[in-house]
1. Could you sort Glu578, Glu321 by their accessible area in this structure, using a 1.4 Å probe and putting the largest first?
2. Filter the GluC sites (Glu not before Pro) in segment 403-495 down to the DSSP loop ones having no more than 16 other Cβ atoms within 10 Å, then list what survives.
3. Accessible area of Ser352, 1.4 Å probe, to the nearest 10 Å²?
4. Counting only Cα, what are the radius of gyration and maximum Cα-Cα distance Dmax of segment 1-71, in Å?
5. What number comes out for accessible area per residue over the chain if the probe is 1.4 Å? Units Å², please.
6. Round to the nearest 10 and give me the degree value, 0 to 90, for the angle of helix 175-185's Cα axis relative to the longest principal axis of the chain.
7. Would you count, across segment 218-375, every pair of lysines whose alpha carbons are under 16 angstrom apart, provided the pair is eight or more residues apart or spans two chains?
8. Using only the Cα atoms of segment 528-638, what are the Rg and Dmax in Å?
Amino acid sequence: MFPYPSGAGLHVGHPLGYTATDILSRFKRMKGFNVLHPMGWDAFGLPAEQYAIQTGTHPKTTTARNIDRFRTQLKSLGFSYDWDREISTTEPAYYKWTQWIFLQLLKRGLAYQAEVPVNWCPALGTVLANEEVIDGVSERGGYPVIRKPMRQWMLRITSYADRLLEDLDDLDWPESIKEMQRNWIGRSEGAELEFCAVDQEGHDLGAKLTVYTTRPDTIFGATYLVVAPEHVLLPSLTSEEQRAYVEEYTEVAARKSELERTELQKEKTGVFSGSYAKNPATGEIIPIWVADYVLASYGTGAIMAVPAHDSRDHEFALKYELPIIKVVSPPNGNCDSEEAYADYGIMINSSSSSSGLNINGMLSQDAALEVTAWVESNGFGKKKVNYKLRDWLFARQRYWGEPFPVIYLDDTNEMVPLTENQLPLTLPELDDFTPTGTGEPPLTKAADWVRTTDLLTGKPARRETSTMPQWAGSCWYYLRFMDPKNSSTLVDKAKESYWGPVDIYVGGAEHSVLHLLYARFWHKVLYDIGVVSTKEPFKCLINQGLILGEVEYTAYRDNEGKWVSADSDSSLSDCIQEKVPADKITKVGDHYVLKDDPKIRLNARAYKMSKSRGNVINPDDVVSEYGADSLRLYEMFMGPLRDSKTWSTGGIEGVHRFLGRTWRLVVGAPLPDGSYKDGTMAIDVEPTFEQLRVLHKCIARVSEEIQETRFNTAISAMMEFVNAAYKWDTQPKFVIDSFVLLLAPFAPHLAEELWFRLGHSQSLAHEQFPEAKNEYLKESEIVLPVQINGKTRGTILVDRECSEDDVFQIAASDERLSKYLDGKTIRKRIYVPGRILNVILDQQKARR
């Protein structure tokens, strides 16, 4: 567990995953395992810094206060964390090793600096990763984001792309998450092709455009090229006549996020550069356009456009009246002439006497190989594997983050890494954390800290003033949990070998291409340098679902104030929305309606909990009213762990009643004054076979359901046990003891109290979890079909070991079956134990 300690504290959605791992941890401890179940804080990041800017409070102060609150709340819920291993990314003793890992990346050429177009957020005063920009605004705060070139630290995650892809196959992760990572990495095979830039008359301009394509077979259909607005050659390719148009277009494109330019942008836009290129296969002169649906960060930042066989290129060509040439025919010959055909097929219109290339009649896959071989032999290109994955932008222009352990010499600007004995490089104390507004980080204000000396040469130098992103500290925290106090190494080899890799990781799907991918990358680097002994950090991944706020009921009124039913033909967008309290509505069939006017249907929907909607439930309030065990039990009982669920305060009352019934089953009814007598109702008597059968059936189910993380059905099994136990005349101590141990991982506070009342002097946390015995799991009674002359006439309930005579006597005394047997002569009986009884009557006498 490694949450960000926000100022808002926990809401009831947070304990879902925490409770699940706590149940597993308690269960495994009681099974005799050594369990590492720690807690720490991913505490660097923008939210704390933004709060500091708004309030003038140092982020160190607010972070410590937030951690204290989280810790108090978590302890109130009874989570069995090893608090001696508590860590925080903001502690110098911790980020010393984050800085050490960075130095190892630097040594191996996996950390470098480059001038790259970045997502610059003026309001936050920092660069954001692509994943932190949603619909052109920052994920945190919703501030506008623009694209801007800036020199930044990068991590070469692309060097590990193939390994990150291949090793997914061995992980016990949800297939959907693995597929998201595969798509994010986006491996593709194709070719890089070179096009010579020329003017309208075909004169060489002295520049070559390299394009990447996954379909080199379609080169004869390339009727224009497109370069990204950030392409380095664009200024030299732009003619004077088109320069004003191109500059205006690139300025607009800089204000869009990559997502806006690709997935969200429905209408393609572009502008002609004023230059042309020569298609090496056809010899044709084709125009070079600028369009923002091409990204500088993917491939080469330029594409050959084949509008007949790519939907984006097709849409663009239609809009700007560019030629469309079909070069692939579907295998069946049928092709919609109005749409781009993007699949493989048979090559047509694909030969040139001038270039000597002829792929007509070939299958697309074979033609792609032929074209790649042709461009390689003629010096026009080469085979190429490409990735959608880009190198990790690893710098932020903010204060509250890990300082980079490097300096720059004043005279040469040479970058010099700090030595390991100079770590940690700690953050300076700053009173003013506000963004400079120029892109310069807030750390530039710490002039005394920035000015330093190179220890090796004695030369004056300056420190790096950007800081690492929040993801840095959370990439390796699980390793530090294994050895949190070690000051001489990141993690002891023997401890890492004993504990690693993480057996179970419970987290939300929102981490699928951020933390999880970054952590896998760092882990593989650490594996390569011998720090860890496994190739992957997390063996099994479980995604818990969201807990949504309580259902909200919305009604609609027209301009005259009259109710409008949600299923009305009228446009609801013109109506006034009105929230309706739950006590004013009722359910009719599958719909909710007004109690006072059942003709008016309402919209019912649950939303993600957020302060802005006012639907956040504070767990402190729930614990205060119902107790921590009720909250734990309810969150597990709401439904399967992996599903999203809707919070219902009414629902928690049900599990609260169950815990109350459990208490009274063991302790007895309250005394007249409301108190309870000491001790329990359990007595030292031998359990009956039926009592043991009910117990062991519960043990088997609870054990299996915990192992499979089906906690809701484990709770159902315990509820069934309590219902059965209430019907017994006595409560054997052995049976009650065993049941309390079953309950302990789910409701530890109640279980501990009952355990001591049952006469035990030590905590049950390390007691052995009950084992189910097979002899009690067999059903003693079975339902047996009974046939008369081969036709099934009914069923009877018999003991599994019942003899044929006894079975017949039970059938003969059954009210439904006796009418077929009374006064009849039985010719024979066919009895298959446990399966069927067939009574064959004398047919002649039967007719009389």
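1. On the way: Glu578 65, Glu321 165 Å².
Reading off the accessible areas and sorting them downward yields Glu321, Glu578.
2. Working: sites: Glu414, Glu420, Glu429, Glu464; in loops: Glu414, Glu429, Glu464.
Within segment 403-495, the qualifying GluC sites (Glu not before Pro) (loop, at most 16 other Cβ atoms within 10 Å) are Glu414, Glu429.
3. Near enough 20 Å² of accessible area.
4. Rg then Dmax for segment 1-71, in Å: 15.4, 51.
5. Numbers: 39450 Å² over 848 residues.
I get 47 Å² per residue for the chain.
6. It works out to around 10 degrees.
7. Values: Lys256/Lys266; Lys256/Lys268; Lys266/Lys319; Lys268/Lys319.
So the count of such lysine pairs works out to 4.
8. Here Rg and the maximum Cα pair distance are 21.9, 74 Å.
The values are calculated or read from the model by the stated rules, or taken from the named source; none is laboratory data. Worth saying up front: this structure is predicted, and the values here are computed from it rather than measured. Note that each Cβ is placed from the backbone with ideal geometry, even for glycine, and that neighbours are counted across all protein chains shown. With ligands, DNA and RNA removed, areas are computed over all heavy atoms of the protein, side chains included. Shrake-Rupley method; radii C 1.70, N 1.55, O 1.52, S 1.80 Å.
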